[in-house]
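Student: First the structure, which I've put down as structure tokens, then a few questions once you've had a look.
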Amino acid sequence: MSGQTMIGVIGGSGVYEIDGLEGATWVDVDSPWGAPSDQVLTGTLGGVAMAFLPRHGRGHVHAPSTVPYRANIDALKRLGVTDVISVSACGSFREAMAPGDFVIVDQFIDRTIAREKSFFGTGCVAHVSVAHPTCPRLRNACEEAARASGVTVHRGGTYLAMEGPQFSTLAESKLYREVWGCDVIGMTNMPEAKLAREAELCYASVAMITDYDSWHPDHGEVDVTQIIATLMGNAGKARTMVAGLPARLGPVRKACPHGCDRALEYAILTAPEKRDPALVAKLDAVAGRMFG
């Protein structure tokens, strides 16, 4: 089964100012899960439909814990997005993963505690597998596009998702690095990745390194001014990477070879006659194909 590719990019303001984006229009998307972080910028790049969603809203109005993750993923699915690329600033636990480098994340450890993490619940229970939470096909496309733009890219890495908004204590930083073996740390990719899987969207995460967190003996505590300076430099690299994605993914979307777009196939456990009609109605974009 094939259809049309639509690439959805979730990231900061510097990521969606893409040269050559045709028909660029900010659109409102109504979601039963609340208001998304902002309007969504839609357009076409290289013959492929694109959608850009500022994760924190333009002007950075949402803290990591208050980002409306469910509304964001629902809004992208509702628009027709098939592939989601997350671009986010992260700290590094590895000397070799230096500020300015990109890491193509393949695993997560979720330490967030104050966020709604599922579209499903009482009245319609589902359990999806997130053993492999990012799509290898999308990871490859992001890696190729980033390398082509001249970025130093690290293939594979474990992302520790913390609640925030504060940065890590030194003890936490050492735990995540030395005991848990994490590679990068951020505040926003969970539950985003889990929700994308529930919505049967392919998902890839590109971590843009801004600092060494607090473990590094030569860098000390995280310096926000340094992070912002590095982030501004990374934004240009991210734009170039995103601009290279349409050529690599193409306008025709075939079924995901890794099954991301069929993640709900055997996940919904509630018997049809026991499902809550109100919840099922809210799931129309996320899981509508499963309800006939």
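Student: Which residue is surrounded by the most Cβ atoms within 10 Å (Cβ to Cβ), if the candidates are limited to segment 236-263 and must be among the aliphatic types (A, V, I, L, M) and out of contact with any strand residue (DSSP E or B) (no Cβ under 8 Å at 6 or more places or on another chain)?
Tutor: Top of the filtered list is Ala263.
Student: Select, from Leu138, Leu195, the only residue that is surrounded by 15 or more Cβ atoms within 10 Å (Cβ to Cβ) and under 17 Å from Arg70 (Cβ atoms).
Tutor: Leu195
Student: Does segment 141-169 hold any residues that are touching a residue at least 12 places away in the same chain (Cβ under 8 Å), assigned to a helix (DSSP H, G or I) and over 22 Å from Lys194 (Cβ atoms), and which are they?
Tutor: Glu143, Glu144, Ala145, Ala146, Ala148
Student: Okay, moving on. For a quick check of your reading of the model, give me the residue pairs whose first member lies in segment 89-104 and is among the acidic types (Asp, Glu), whose second is in a loop (DSSP other than H, G, I, E, B), with beta-carbon atoms closer than 6 Å and at least 6 apart or on different chains.
Tutor: Asp101/Thr152
Student: Scanning segment 256-285 for residues that are closer than 29 Å to Met208 by Cα and in a loop (DSSP other than H, G, I, E, B), which turns out farthest from the chain's Cα centre (by Cα)?
Tutor: Filtering first and then ranking leaves Pro257.
Student: Whether any residue in segment 64-74 is free of Cβ contacts under 8 Å to residues at least 24 places away in the same chain and either assigned to a loop (DSSP other than H, G, I, E, B) or not acidic (Asp, Glu) (or both) is what I want to check.
Tutor: Step one: filter segment 64-74 for residues free of Cβ contacts under 8 Å to residues at least 24 places away in the same chain, giving 66.
After this cut, where a residue has to be either assigned to a loop (DSSP other than H, G, I, E, B) or not acidic (Asp, Glu) (or both) as well, the list is 66.
Yes, there is a match, as at least one residue in segment 64-74 is free of Cβ contacts under 8 Å to residues at least 24 places away in the same chain and either assigned to a loop (DSSP other than H, G, I, E, B) or not acidic (Asp, Glu) (or both).
Student: So how many residues does segment 48-63 have that are assigned to a loop (DSSP other than H, G, I, E, B) and of a type in the set (Gly, Ala, Ser)?
Tutor: Keep residues of segment 48-63 that are assigned to a loop (DSSP other than H, G, I, E, B), which gives 55-63.
Narrowing the set further to residues that are of a type in the set (Gly, Ala, Ser) leaves 57, 59, 63.
Number satisfying all stated conditions: 3.
Student: Also: Kindly provide the set of residues from segment 198-214 that are among the charged types (D, E, K, R) and either touching a strand residue (DSSP E or B) at 6+ places or on another chain (Cβ under 8 Å) or buried (at least 24 other Cβ atoms within 10 Å of the Cβ) (or both), ordered by number. Don't jump to the end; show me each part of the working.
Tutor: Kept after step one, since they are among the charged types (D, E, K, R), are these residues of segment 198-214: 198, 200, 211, 213.
Those that are among the charged types (D, E, K, R) and either touching a strand residue (DSSP E or B) at 6+ places or on another chain (Cβ under 8 Å) or buried (at least 24 other Cβ atoms within 10 Å of the Cβ) (or both): Glu198, Asp211, Asp213.
Student: Sticking with this structure for a sec: If we keep just the residues of segment 1-46 that are touching a His at 6+ places or on another chain (Cβ under 9 Å) and either assigned to a loop (DSSP other than H, G, I, E, B) or without any contact (Cβ under 8 Å) to a residue 12 or more places away in the chain (or both), which is nearest to Asn72 (Cα to Cα)?
Tutor: So the first thing to find is which residues in segment 1-46 are touching a His at 6+ places or on another chain (Cβ under 9 Å), and the list is 12-13, 37-38.
Checking which are either assigned to a loop (DSSP other than H, G, I, E, B) or without any contact (Cβ under 8 Å) to a residue 12 or more places away in the chain (or both) leaves us with 12, 37-38.
Numbers: Gly12: 14, Ser37: 7, Asp38: 9 Å.
Once the filter is applied, the top-ranked residue is Ser37.
Student: Filter segment 79-115 for residues that are surrounded by fewer than 19 Cβ atoms within 10 Å (Cβ to Cβ) and over 24 Å from Glu172 (Cα atoms) and give the result.
Tutor: Hits for segment 79-115 are Leu79, Gly80.
Student: Test each condition in (1) farther than 30 Å from Asp110 by Cβ; (2) among the aliphatic types (A, V, I, L, M); (3) within 15 Å of the chain's Cα centre (by Cα) for Leu53 and report the one that comes out false.
Tutor: Against the list (1) farther than 30 Å from Asp110 by Cβ; (2) among the aliphatic types (A, V, I, L, M); (3) within 15 Å of the chain's Cα centre (by Cα), Leu53 comes up short only on (1).
Student: Against the condition acidic (Asp, Glu), in contact (Cβ under 8 Å) with a residue 12 or more places away in the chain, touching a Ser or Thr at 6+ places or on another chain (Cβ under 8 Å) and more than 24 Å from Thr122 (Cα to Cα), how does Asp183 come out, does it pass?
Tutor: Values: acidic (Asp, Glu): yes; in contact (Cβ under 8 Å) with a residue 12 or more places away in the chain: yes; touching a Ser or Thr at 6+ places or on another chain (Cβ under 8 Å): yes; more than 24 Å from Thr122 (Cα to Cα): yes.
So Asp183 fits the description; yes.
Read-outs: derived from the displayed coordinates by stated rules, not from any lab. A quick note: this is a predicted structure, and the numbers were derived from the prediction, not measured. Reconstructed Cβ throughout: ideal geometry from the backbone, glycine too, with neighbour counts over all protein chains shown.
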